[in-house]
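*Asks:* Mind having a look at this structure? Questions to follow.
None of the figures in this text is laboratory data; all of them are computed from the coordinates on show. Predicted, not measured: the structure shown is a model, and the values here were computed from it. Quick reminder, even Gly has a Cβ in these numbers, built from the backbone with ideal geometry, and neighbours come from all protein chains shown.
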Amino acid sequence: MATVASEPPPRHYVRVTGSLSRRMIVVAALWILLLLTGGGFALDRVLTSAVTRSFDDQLDFVLTSLIASAEIGPEGEVMSSRQLADQRFLEPGSGLYYQVSGGGFEPYPSRSLWDRRLRTDQQHADMNVHVYDSKQFADEKLRIVERDATLPGSPVRWRFQVAQNRDYLDAQIAALRRTLVRSFLLLGLGLIVMVALQTVYGLLPLRKVRLEIQRMRAGTSNRVEGDMPAEVAPMVEELNGLIEHNDRQAEEARRHAGNLAHALKTPLTVIMNAAAAGQADLSDTVIREARTMRRQIDHHLARARAVGRRGSAHSRAEVWPSIEAVERAVSRLYPNVRVDIDGAKTLTARIERQDLDEILGNLVENAAKYGGGSVFVTVAARAGFVEILVEDDGAGIPEVDRMRIFDRGVRLDSGKPGTGLGLAIVRDVAEIYEGTVSLEESEDLGGTLVRLRLPLA
């Protein structure tokens, strides 16, 4: 029967929430427009006030000249001793006018007013210069400067007025605003283009990282290469570290699978040969080899679990509660053995609690099984590691055997039940978490001292 190839799992795509470049450009553009609008409005107010003040100063100068040239006639009327220099005062409807009025006398106007007169309000006194806009003429808007003055030889308070068409002033202001708007629009456009170029150039390393990852997926590279800016380099280093970590895990998985296949191959060959030869003790052979295969499977499963859990960056386990749990379990298995615990109670190791329990369970159970009835466990912190010492009062282990006893299946005392995998599992799991385990001689109890070191969390 042909096997149907399983479909690959569906690929989960990252939900896209927008373009980072677009966000940066839009935020910068809005901020630039806000600043330019506020700055342009403030600059428009300043320049418009300056132009208007200059216009008013010219009218005020003419007003002062008009007052200086005024004198009282034979009948008490006001008159000018000399004509003002500006020719426009002589041209009807020229847009520049003056007028002197007051005391019930007929107003004294410039010829440019012709048959029109400037409106006066004698209800208020303008002892200082008064500037205002007026629409009293239907065909033109006026800017008027006026002031009251009393001339020598006359008790009358005269109102002196100088008016000019606002068209020239408005044209200056309009030209100024057009220049401001065009300049600020050009400046804003240039700043936005600069921000866009800066964003594209600034985010270029991220695009380079993406292309490097594409090369890795294509199999042409195994890490992100190339020089990176200081802001991106840490992320690239962490990414390369993650890739190397995954590669190590994959290599460990392949090696463990090969080791397990090799370990199971010999027992299976023995069983098949015994079955093919029709041996009378076939059942005993199957049982013996099956136990061997079970030990190998248990060992590799323990390593696989530890390797899988090691990938978690949040692996934490409190040491003291784990030791207490192991002590209670061992005390029930070996009621004649006394287990004492001492040391720091608040230390936390960088290891999963299940793996810590398995390591301590193997060490304390071995001490209880092969010792003379006393087990002493000490916990301390040493140079960034949690150091756990497990001592017993047994016969100890010869120094020549202290290294090979960590090999799979090695047992120095075959008179007691066991698989010979306990210390091998302890060593492998400890090394997976970047820890160490070693055997020494106990100075206090005279038996074996096991020194377990795990990274301090």
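*Asks:* For the pair residue 383 and residue 204, what calculated FRET efficiency results from E = 1/(1 + (r/R0)^6), where r is the Cβ-Cβ distance and R0 = 51 Å, to the nearest 0.05?
*Replies:* About 0.70, to the nearest 0.05.
*Asks:* Using alpha-carbon positions, what is the distance between the centroids of the range 174-196 and the range 324-382, in Å?
*Replies:* Here the answer is 77 Å between Cα centres.
*Asks:* If you place +1 on the Cβ of every Lys and Arg, -1 on the Cβ of every Asp and Glu, and leave all else neutral, what size is the dipole of the chain about its Cα centre, to the nearest 20 Debye?
*Replies:* With Lys and Arg at +1 and Asp and Glu at -1, about 1480 debye.
*Asks:* Output wanted: per-residue J couplings in Hz (rounded whole) for the range 358-365, from phi through Karplus 6.51 cos²θ - 1.76 cosθ + 1.60, θ = phi - 60°, x for Gly and Pro.
*Replies:* 5, 5, 5, x, 5, 5, 5, 5
*Asks:* Roughly how many whole Å is it from the C-alpha centroid of the range 443-457 to that of the range 153-173?
*Replies:* 105 Å
*Asks:* On full extension of the chain, what length is gained from residue 246 through residue 130, given 0.36 nm per residue of separation minus the C-alpha to C-alpha distance?
*Replies:* 33.2 nm
*Asks:* First measure r as the distance between the Cβ atoms of residue 213 and residue 192, then evaluate 1/(1 + (r/R0)^6) with R0 = 35 Å and state the FRET efficiency to the nearest 0.05.
*Replies:* The formula returns an efficiency of 0.65 here.
*Asks:* Rg and Dmax in Å for the range 314-455, alpha carbons only: what are they?
*Replies:* Calculated on Cα positions, Rg and Dmax stand at 14.0, 42 Å.
*Asks:* Are there any trypsin sites (Lys or Arg not before Pro) in the range 196-232 that are in a DSSP loop and have at most 16 other Cβ atoms within 10 Å? List them by number.
*Replies:* Values: sites: 207, 208, 210, 215, 217, 223; in loops: 223.
Passing both the DSSP loop test and the Cβ count: 223.
*Asks:* Rounded to the nearest 500, what is the 222 nm mean residue ellipticity of the chain from helices alone, with -39500 (n - 2.57) per DSSP H run of 4+ residues and division by all residues?
*Replies:* So the calculated ellipticity at 222 nm is -17000 deg cm²/dmol.
*Asks:* Report, in degrees rounded to the nearest 10, the 0 to 90 angle that the Cα long axis of helix 204-218 makes with the longest principal axis of the chain.
*Replies:* 30 degrees
*Asks:* Please give, to one decimal in nm, the separation of the simple spin-label points placed at residue 178 and residue 46, each 7 Å out from Cα toward the Cβ.
*Replies:* 2.4 nm
*Asks:* Can you give the angle from 0 to 90° between the axis of helix 282-310 and the longest principal axis of the chain, with both taken from C-alpha atoms, to the nearest 10?
*Replies:* Roughly 20 degrees, rounded to the nearest 10.
*Asks:* Quick check: residue separation of residue 253 and residue 402 times 0.36 nm, minus the Cα distance between them. What number comes out in nm? Show your work: numbers first, answer last.
*Replies:* On the way: separation 149, 0.36 × 149 = 53.64 nm, distance 2.77 nm.
Extra length available between residue 253 and residue 402 comes to 50.9 nm.
*Asks:* Now a separate question. Show me the ranking of peptides 37-43, 432-438 by mean Cβ neighbours inside 10 Å, starting with the highest.
*Replies:* Working: 37-43: 12.7, 432-438: 17.4.
Ranked by mean Cβ neighbours within 10 Å, highest first: 432-438, 37-43.
*Asks:* With angles folded into 0 to 90 degrees, how steeply does helix 20-69 sit against the dominant principal axis of the chain? Use alpha carbons for both and round to 10.
*Replies:* The helix 20-69 is inclined about 20 degrees to the chain.
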